[in-house]
1. Go through the stretch 173-194 and give me each residue that's in a loop (DSSP other than H, G, I, E, B) and not polar (S, T, N, Q).
2. Can you report the number of residues in the stretch 167-197 which are surrounded by 12 or more Cβ atoms within 10 Å (Cβ to Cβ) and β-branched (Val, Ile, Thr)?
3. Please specify each residue of the stretch 96-120 satisfying the condition of being in a loop (DSSP other than H, G, I, E, B), surrounded by 15 or more Cβ atoms within 10 Å (Cβ to Cβ) and out of contact with any helix residue (DSSP H, G or I) (no Cβ under 7 Å at 6 or more places or on another chain).
4. Of the numbered conditions (1) touching a residue at least 12 places away in the same chain (Cβ under 8 Å); (2) within 16 Å of ligand 2 (Cβ to nearest atom); (3) under 27 Å from THR29 (Cβ atoms); (4) not hydrophobic (A, V, I, L, M, F, W, C), GLN70 fails exactly one; give the number of that condition.
5. May I ask you to list pairs of residues, at least six apart or on different chains, whose Cβ atoms are under 6 Å apart, with the first in the stretch 136-149 being assigned to a helix (DSSP H, G or I) and the second being more than 7 Å from ligand 1 (Cβ to nearest atom) and among the small types (Gly, Ala, Ser)?
6. Pick out the one residue from GLU130, GLU170, GLU123 that is closer than 30 Å to LYS13 by Cβ and either within 24 Å of the chain's Cα centre (by Cα) or assigned to a loop (DSSP other than H, G, I, E, B) (or both).
7. Restricting attention to the stretch 198-222, which residues are exposed (fewer than 10 other Cβ atoms within 10 Å of the Cβ), in a loop (DSSP other than H, G, I, E, B) and at negative phi?
Amino acid sequence: MIVASPKSITELKSIIERHKKVLFAGCGTCVTVCLAGGEREVSISSYAVRMARRLDRNPVEIIQITIERQCENEFLKDLAEPASKVEAIVSFGCGAGVQAIAERFPDKPVYAALNTQFLGVLEDQAIWTEKCMGCGNCMLEHFGGICPVTRCAKRLLNGPCGGSIEGRCEVDSGKPCAWQLIYDRLMRIGQLERLEEVIPPKDWSTAWYSGARKVVRKEHQV
Ligand code: SF4
Ligand code: SF4
């Protein structure tokens, strides 16, 4: 899922400082699951911003709505009616959701209430960890299903840097060395010989360096 975290109420208040009536729009998918931008968070933030603005003697009216997904045009139509009543929209979606709303409502200021972080998993209660950077050319089969592009601080594809201490990364000892994890996993699944493969330089043209990418699946178009 896409993992995001909320901006502080102070920052949110400052972002919408100039507006008197705004729409707080939640998203019911990834950011709801990671407790950052669903109905509950929209409600809590609305209350907190309203109170803070009242204390500043600069009250704001906030309309709240949470739609199923902000990254799909089909669901954005539900924002049309409330959006028509406000000066600006604050999206509690990921960066894709914020931009989808901005494209759909080109005459309305649209702001982000969240900091979009990464593609990750829920590892433990309220702990999410990054697993994939969306490089566009997945190579997990070589690494026992553990991504060194994302999880090795140096993005090494041909073995460890040599600085790992007791299985921890030399760049940040709070994190496991990705190559220790890869070694342990390959050993466990009986594929240790993969460590002898020489991975050629990765084709980064599929990654994010050349600007925004696009996926077209003609077989699903009608
Ligand atoms: S190799 Fe690329 S697509 Fe695969 S998990 Fe790593 S970053 Fe994601
Ligand atoms: S210690 Fe491990 S994870 Fe850290 S940079 Fe070196 S190889 Fe990568």
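The values are calculated or read from the model by the stated rules, or taken from the named source; none is laboratory data. In this text the structure is predicted, and so the values were computed from the model without any measurement. Note: ideal-geometry Cβ built from the backbone for every residue, glycine included; neighbour counts use all protein chains shown.
1. Across the stretch 173-194, the qualifying residues are GLY174, LYS175, CYS177, ILE189, GLY190.
2. Going through the stretch 167-197 one residue at a time, the tally reaches 2.
3. Restricting attention to the stretch 96-120, the residues satisfying the condition of being in a loop (DSSP other than H, G, I, E, B) are 105-109, 113.
Of the ones still in play, those that are also surrounded by 15 or more Cβ atoms within 10 Å (Cβ to Cβ) are 105, 108-109, 113.
The one that is in a loop (DSSP other than H, G, I, E, B), surrounded by 15 or more Cβ atoms within 10 Å (Cβ to Cβ) and out of contact with any helix residue (DSSP H, G or I) (no Cβ under 7 Å at 6 or more places or on another chain): PRO109.
4. That leaves (2) as the condition not met.
5. PRO148/ALA178
6. When all the criteria are applied, what remains is GLU130.
7. Those that are exposed (fewer than 10 other Cβ atoms within 10 Å of the Cβ), in a loop (DSSP other than H, G, I, E, B) and at negative phi: VAL198, PRO200, PRO201, ALA212, LYS214, VAL215, VAL216, ARG217, GLN221, VAL222.
Residues checked against (1) at positive phi; (2) touching a Ser or Thr at 6+ places or on another chain (Cβ under 7 Å); (3) crowded, with 22+ Cβ neighbours inside 10 Å:
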position	(1), (2), (3)
SER14	no, no, no
GLY26	no, yes, yes
CYS30	no, no, yes
VAL33	no, no, no
ILE44	no, no, no
ARG54	no, no, no
